[in-house]
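Structure record follows, encoded as structure tokens.
The values are calculated or read from the model by the stated rules, or taken from the named source; none is laboratory data. All of these numbers come straight from a predicted model, not from anything done at the bench. Here the Cβ positions follow ideal geometry from the backbone for every residue, glycine too, while neighbour counts run over all protein chains shown. Quick note on the areas: whole protein, heavy atoms, side chains included, nothing else; ligands and nucleic acids left out. Shrake-Rupley method; radii C 1.70, N 1.55, O 1.52, S 1.80 Å.
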Amino acid sequence: KETERKMQGILDEMKSLSTKARGNIFNMNLAKQEADFRYNEAIRLLKNSDFSSARDNITKSQEKSKEALALEDNAEYKSLVEDRLTRLGLEINQKENEFVVREVRTSLEKAKKLYFNGNFGEAEGILVSANTRWHSTNIEENEEIQNWLGITATASVMKTGRTISQSATLYPQMSQLLS
């Protein structure tokens with residue numbers, strides 16, 4: 001009788017462990033599936049140039065992968081996850097930077113046109129926005145933006161108070177110089 005009771009206790013414990021193991025395997029597979037879904041979603045969002053959301057999905061994929069790895073220590077899976085998420089993160093950064101460079105180039109051209117048309121303040125505003133956008137993906141300064149910011153700021157300062165009365169003796173010469 002005592003042996004039967006012990007055996008029954010062992011069987012009950014084995015059933016409990018087996019149920020827990022099946023639950024862990026289910027949760028691990030669910031976490032891996034979610035990680036894969038988030039990874040694929042990041043790829044899709046990258047193709048649509050939604051860089052911020054793509055990064056969010058990389059983070060979610062990484063969290064779910066860690067959750068799966070907490071349930072099963074698998075060096076091969078860990079290596080796969082680290083490799084693919086790192087590569088995708090670098091690709092997102094590269095594509096976003098290419099996008100920013102094109103956007104900044106367009107803003108610079110627009111600001112130059114405004115400058116040459118005498119709209120110094122508007123040109124300066126566009127350059128400030130372009131500079132902010134540039135810094136969203138770059139640490140170093142954009143020399144061209146900085147140069148044009150200086151030019152437009154100087155032009156704005158020079159423009160203020162540049163009127164000469166038509167009755168001034170040197171009006172014809174000064175108006176030509178100011179123009």
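Residues checked against (1) of a type in the set (Gly, Ala, Ser); (2) open to solvent by 40 Å² or more (accessible area, probe 1.4 Å):
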residue: 58; (1), (2): no, no
residue: 61; (1), (2): yes, no
residue: 70; (1), (2): yes, yes
residue: 73; (1), (2): no, yes
residue: 77; (1), (2): no, no
residue: 82; (1), (2): no, yes
residue: 94; (1), (2): no, yes
residue: 100; (1), (2): no, no
residue: 109; (1), (2): no, yes
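Does any residue of the range 120-135 turn out to be at pLDDT 80 or above, open to solvent by 30 Å² or more (accessible area, probe 1.4 Å) and in a loop (DSSP other than H, G, I, E, B)?
Yes - at least one qualifying residue is present in the range 120-135.
Conditions first: (1) part of a helix (DSSP H, G or I); (2) surrounded by fewer than 18 Cβ atoms within 10 Å (Cβ to Cβ); (3) not β-branched (Val, Ile, Thr). Residue 88 passes all but one, so which condition is the exception?
Of the numbered conditions (1) part of a helix (DSSP H, G or I); (2) surrounded by fewer than 18 Cβ atoms within 10 Å (Cβ to Cβ); (3) not β-branched (Val, Ile, Thr), the odd one out for residue 88 is (2).
Before we move on, is residue 36 open to solvent by less than 90 Å² (accessible area, probe 1.4 Å), within 30 Å of residue 101 (Cα to Cα) and charged (D, E, K, R)?
So residue 36 fails the test.
Of everything in the range 20-37, what is aliphatic (A, V, I, L, M) and either over 27 Å from residue 55 (Cα atoms) or out of contact with any helix residue (DSSP H, G or I) (no Cβ under 7 Å at 6 or more places or on another chain) (or both)? Give them in sequence order.
21, 25, 30
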